[in-house]
Amino acid sequence: MDLGRAIEFIKNGDKFLLSSHVNPDGDGVGSIIGMLGLLRQLGKSYSVICADKPQDKLAFLERFDEFVPYENSMFGKMSFDHAIIIDSPFLDRIGDPAKLIKTEAKILNIDHHIDGGNFGTVNLIVPEAAASAQIVSNIFRRMGVPFDKDSATALYVGLSVDTGRFRFSNTTSEVLRLAADLVDAGVKPDEIADKLYYQTSLENKIGLAKVLSSIELHFDGKVASSWLDYEFLSSAVGKELDSEGFVNQALSIKGVQVAFLIRETEKSRTRVSVRSRNDAIDVNKIARVFSGGGHMRAAGCKITGSVQDVKARLLAELAPVVGRL
Ligand SMILES: [Mn+2]
């Protein structure tokens with residue numbers, strides 16, 4: 001039913017603003033590139049404006065140049081009656097581009113986060129979807145619009161990133177069937193895997209070494225902590241670092257049920273990623289204690305304090321949870 005309403009929204013609107021959460025990731029970027037491919041095929045116009053330029057590692061995607069970072073000069077000059085927001089649980093998570101959406105504008109909210117807000121005029125929220133890219137793909141299918149190669153490639157990237165390279169429990173038969181359809185549309189899985197995961201920088205390896213050497217086990221090895229402090233993150237090497245996925249290093253130790261990575265991005269201000277090995281521990285609940293969120297097995301939050309303070313606070317929250325295992 002929501003899919004039908006989303007399709008009506010797309011059919012009836014035009015001149016859409018497309019946006020995703022701040023620091024858009026592979027799913028946000030892939031879903032938007034897919035969506036703009038759909039809009040092109042329907043003869044609709046759009047602007048893609050995100051708070052930040054997406055990660056460089058996604059620059060290999062065709063249409064990557066369509067992403068325009070928000071600039072203050074846009075305010076007052078551009079305003080939208082229709083917006084499609086993808087992969088963002090709340091409207092304010094898109095950051096400054098929200099200022100370009102008219103108060104009376106119609107918004108289509110496409111997302112798969114569990115606890116997202118119904119901020120749209122139409123809300124297509126599918127928590128059982130592995131990725132927003134899967135939801136966008138289903139719009140193509142339901143509308144009978146064929147996957148063009150560039151859209152298919154981008155949507156495949158979204159699937160790959162949000163399923164942890166087709167490894168997490170959200171890698172359902174439906175996801176694999178969709179991946180197969182996307183491959184039939186021209187996607188090259190080997191090339192995408194190589195570009196996404198096997199072309200990192202030396203800085204990345206140095207950062208990884210730092211994270212690995214910081215790992216400590218707690219609660220009989222059920223919890224693993226890791227961190228990068230401000231001193232490192234503000235260094236020439238640290239500034240170039242893309243630490244995405246680093247939290248999984250601590251999680252992949254045998255016996256570890258929950259792992260977290262603390263990144264002190266500003267002095268005594270941290271960003272925390274928390275991961276759970278299975279559904280026995282809902283790390284979304286842990287992140288929410290600190291006003292963050294995400295999914296059951298992957299969540300994040302910001303906590304003020306030094307690395308050691310933040311570690312102690314997280315361990316205090318986790319103690320009763322792992323005690324129940
Ligand atoms: Mn996603």
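The values are calculated or read from the model by the stated rules, or taken from the named source; none is laboratory data. Bear in mind the structure is a predicted one, so any value in this text is a computation, not a measurement. Virtual Cβ from ideal backbone geometry, glycine too; neighbours counted across all protein chains shown. Side chains are part of the model used for accessible areas, which takes the heavy atoms of the whole protein and leaves out ligands, DNA and RNA. Shrake-Rupley method; radii C 1.70, N 1.55, O 1.52, S 1.80 Å.
Which of the trypsin sites (Lys or Arg not before Pro) found in segment 48-116 are in a DSSP loop and have at most 16 neighbouring Cβ atoms, other than their own, within 10 Å?
Passing sites in segment 48-116 are LYS77.
Restricting to Cα pairs below 8 Å that are 6+ residues apart, what does the relative contact order work out to for segment 202-323? Please round to a whole percent.
Working: 248 pairs, mean separation 24.7, N = 122.
Normalised by residue count, the contact order of segment 202-323 is 20 percent.
Amide H of SER47: which non-local residues (sequence gap of 5 or more, or other chain) have their own amide H closer than 5 Å, using H built in the peptide plane?
Amide H to amide H, under 5 Å and 5 or more residues apart or across chains, SER47 pairs with PHE16, LEU17, LEU18.
Using only alpha carbons, build the gyration tensor for segment 202-261 and give me the equivalent ellipsoid semi-axes, biggest first, whole Å. Kindly include the intermediate steps, with their values, before the conclusion.
Values: eigenvalues 106, 22, 12 Å².
Whole-Å semi-axes of the equivalent ellipsoid: 23, 10, 8.
May I ask you to evaluate 6.51 cos²θ - 1.76 cosθ + 1.60, the Karplus curve with θ = phi - 60°, for each residue of segment 31-37 and list the ³J(HN,Hα) values in order in whole Hz, giving x for glycine and proline?
Each residue of segment 31-37 in turn: 5, 5, 4, x, 4, 5, x Hz.
On the Cα set of the chain, report Rg and Dmax in Å, please.
When restricted to Cα atoms, the chain yields Rg and Dmax of 19.8, 59 Å.
Over segment 2-197, with every protein chain in place, what whole percent of the accessible area is carbon and sulfur at 1.4 Å, could you tell me?
Working: 3980 of 8250 Å².
Taking all protein chains in place, segment 2-197 shows 48 percent carbon and sulfur surface.
Nearest 10 degrees is fine. How inclined is helix 149-162 to the longest principal axis of the chain, computing both from alpha carbons?
Approximately 30 degrees, to the nearest ten.
Calculate the all-directions average of the projected area of segment 124-237's alpha-carbon convex hull, and give it in nm². Working shown, then result.
On the way: hull surface 40.7 nm².
Directional mean of the projected Cα hull area for segment 124-237 stands at 10.2 nm².
Distance cut-off 19 Å, Cα to Cα: go down the list LYS15/LYS102; LYS53/LYS99; LYS210/LYS285 and report the pairs above it. Before the final figure, lay out the partial values.
Numbers: LYS15/LYS102 13 Å; LYS53/LYS99 17 Å; LYS210/LYS285 28 Å.
The pairs that break the limit, which is 19 Å between Cα atoms, are LYS210/LYS285.
So what J values fall out for segment 256-265 if you push phi through Karplus, 6.51 cos²θ - 1.76 cosθ + 1.60 with θ = phi - 60°, rounded to Hz, Gly and Pro as x?
Values, residue by residue: 6, 9, 9, 9, 9, 10, 9, 10, 7, 6 Hz.
Which percent, to the nearest 5, of DSSP beta bridges fully inside the chain are antiparallel? Please report the intermediate quantities before stating the final value.
Details: 20 of 47 bridges.
Expressed as a percentage, antiparallel bridges in the chain total about 45.
Express the accessible area of segment 2-197 per residue in Å², computed with a 1.4 Å probe while the remaining protein chains stay in the model.
Details: 8250 Å² over 196 residues.
Using a 1.4 Å probe on heavy atoms only, each residue of segment 2-197 averages 42 Å².
Just to confirm the number: angle between the C-alpha axis of helix 202-214 and the first principal axis of the chain, 0 to 90 degrees, nearest 10?
Helix 202-214 and the main axis of the chain meet at about 40 degrees.
Rg/Rh for segment 1-119 to two decimals, with Rh computed the Kirkwood way over all alpha-carbon pairs. Display every interim value, and only then the final one.
Details: Rg = 13.3 Å, Rh = 14.3 Å.
That ratio is 0.93, to two decimals.
From Cα coordinates alone, what are the radius of gyration and Dmax values for segment 87-146 in angstrom?
12.4, 34
Once both labels are modelled 7 Å past Cα along the beta-carbon direction, what's the VAL68-ALA280 spacing in nm?
It works out to 5.2 nm between the two label points.
Give me a comma-separated list of calculated 3J(HN,Hα) values for segment 66-80, in order, Karplus coefficients 6.51, -1.76, 1.60 applied at θ = phi - 60°, integers in Hz, x for any Gly or Pro.
3J(HN,Hα) across segment 66-80, in whole Hz: 5, 6, 10, x, 4, 10, 4, 5, 6, 5, x, 8, 10, 8, 10.
So what is the calculated 222 nm ellipticity per residue for the chain, using -39500 (n - 2.57) for each DSSP H run with n of 4 or more, over all residues, to the nearest 500 deg cm²/dmol?
When only DSSP H runs of four or more count, the value is -11500 deg cm²/dmol.
Which whole-number percent of Cα pairs in segment 166-307 have a distance greater than 27 Å?
Values: 3060 of 10011 pairs.
Cα-Cα pairs of segment 166-307 separated by over 27 Å account for 31 percent.
Based on Cβ point charges of +1 for Lys and Arg and -1 for Asp and Glu, what charge dipole magnitude is obtained for the chain about its Cα centre, in debye rounded to the nearest 20? If you can, show how the numbers build up before the last one.
Values: 39 positive and 42 negative charges, 94 e Å.
Magnitude of the dipole: close to 460 debye.
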